[in-house]
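Colleague: Below: one structure in structure tokens.
The values are calculated or read from the model by the stated rules, or taken from the named source; none is laboratory data. No experiment lies behind these values; they were computed from the predicted model shown. Cβ placement follows ideal geometry from the backbone for every residue including glycine, while neighbour counts extend to all protein chains displayed.
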Amino acid sequence: MNRRSWLLMALLAGLWGASYLFIKVALEDDVPPIFLVFARIALGAVVLVPLAWKAGALEPMRGLTGPILFMAVIQIVMPFLLITYGEQHIASSLTGILVSAAPIFTALIAVRYDDEERPHGIAIVGVVMGIVGVVLLFGVDLSGDSAAIAGGLMVLLATVGYAVGSLYLKHRLQGVPAVGIAAMTMLAGALVLLAPALVSLPPHAPELKTVGALVALGAGGTGIAFGIYYTLIAEIGPGRASLVAYIAPGFAVVYGVTLLSESITVGAMLGLVLILAGSWVAAEGRFPGQARAVTVAPPLEPPPAREPA
């Protein structure tokens with residue numbers, strides 16, 4: 001991964017890490033999860049569709065109705081609903097941390113369907129480190145509370161959708177402009193949820209901070225963020241792109257602790273350290289201090305000497 005990829009991943013992690021904060025703010029104002037997700041996706045479409053149109057990325061979408069609808073349901077609608085319903089029972093910081101399971105499921109699915117994305121060598125150690133971190137967080141912070149366990153499982157199930165969507169995008173929509181895919185999946189997702197959202201309106205007018213949270217969640221954490229995410233998938237592959245789920249928890253924890261006064265346990269901090277370390281090892285395929293493996297082409301053999309005339 002080059003510097004541009006890491007910078008995009010850091011920006012994406014910051015946006016997605018804040019998403020759980022904005023979801024929690026809206027839920028605390030009694031905004032129904034279905035309406036919240038619809039508003040989030042619709043605002044994301046408002047940002048992305050004009051960008052895709054200006055970039056000429058909508059024309060390549062012709063004839064891709066089926067794949068776009070599949071992506072909208074598997075990677076947008078269902079994960080967003082599961083995360084939002086799950087966050088009714090767990091803290092925003094823990095939600096962000098549990099989403100770090102996305103690279104794990106990407107690696108597990110890739111074992112069967114994508115040899116290129118399958119972790120090899122030291123990269124496997126990074127994935128295992130991430131798994132250990134997630135298990136530690138799940139065991140320490142959710143044990144003994146059935147509602148919290150159910151919420152955590154919903155968030156983990158959402159990461160399966162992210163993993164499936166990432167691999168499907170690589171194999172079925174390779175070469176299609178990333179911003180076009182992002183725009184059309186958001187538009188399709190908003191249409192899918194339009195009718196359910198109309199019968200799930202908020203019981204009262206949202207507060208000003210809730211409106212601001214929804215706008216930030218939709219425009220930033222959804223529209224801009226997914227444009228960056230699909231760009232990363234196109235440039236570095238779904239396996240490495242999904243590693244953003246390892247980095248975003250750090251932002252989610254900082255936002256939750258500082259802005260929502262959420263508590264953080266020693267176990268959670270240890271788990272977070274394992275996840276962040278695992279993300280680096282899995283992405284780089286080496287431990288810190290080790291030189292990056294470089295394949296060197298063998299030297300060309302000199303041409304045979306000509307016989308003297």
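Colleague: Only one residue in A10, A26 is over 22 Å from S242 (Cβ atoms) and not charged (D, E, K, R). Which one?
Modeller: A26
Colleague: What helices (runs of 4 or more DSSP H) completely inside segment 62-165 contain at least 1 residues that are crowded, with 22+ Cβ neighbours inside 10 Å and modelled with pLDDT of 90 or more?
Modeller: 65-71, 78-86, 92-98
Colleague: So, one more: Taking the conditions exactly as written (part of a helix (DSSP H, G or I), surrounded by fewer than 21 Cβ atoms within 10 Å (Cβ to Cβ), hydrophobic (A, V, I, L, M, F, W, C) and touching a residue at least 40 places away in the same chain (Cβ under 8 Å)), does L27 satisfy them or not?
Modeller: yes
Colleague: Turning to a different aspect of this structure: Residues in segment 60-82 that are more than 14 Å from F226 (Cβ to Cβ) and in contact (Cβ under 8 Å) with a residue 40 or more places away in the chain: how many?
Modeller: Result for segment 60-82: 10.
Colleague: Of the residues that sit in segment 30-61 and are part of a loop (DSSP other than H, G, I, E, B) and surrounded by 20 or more Cβ atoms within 10 Å (Cβ to Cβ), which one is modelled with the lowest pLDDT?
Modeller: Taking the candidates together, the pick is A57.
Colleague: Here's something else I'd like to know. Step by step: first the residues of segment 262-279, then only those that are surrounded by fewer than 17 Cβ atoms within 10 Å (Cβ to Cβ) and under 15 Å from G130 (Cβ atoms), then the one that is modelled with the highest pLDDT. Which residue is that?
Modeller: L270
Colleague: Kindly establish whether L81 is within 13 Å of G189 (Cβ to Cβ) and within 18 Å of the chain's Cα centre (by Cα).
Modeller: So L81 passes the test.
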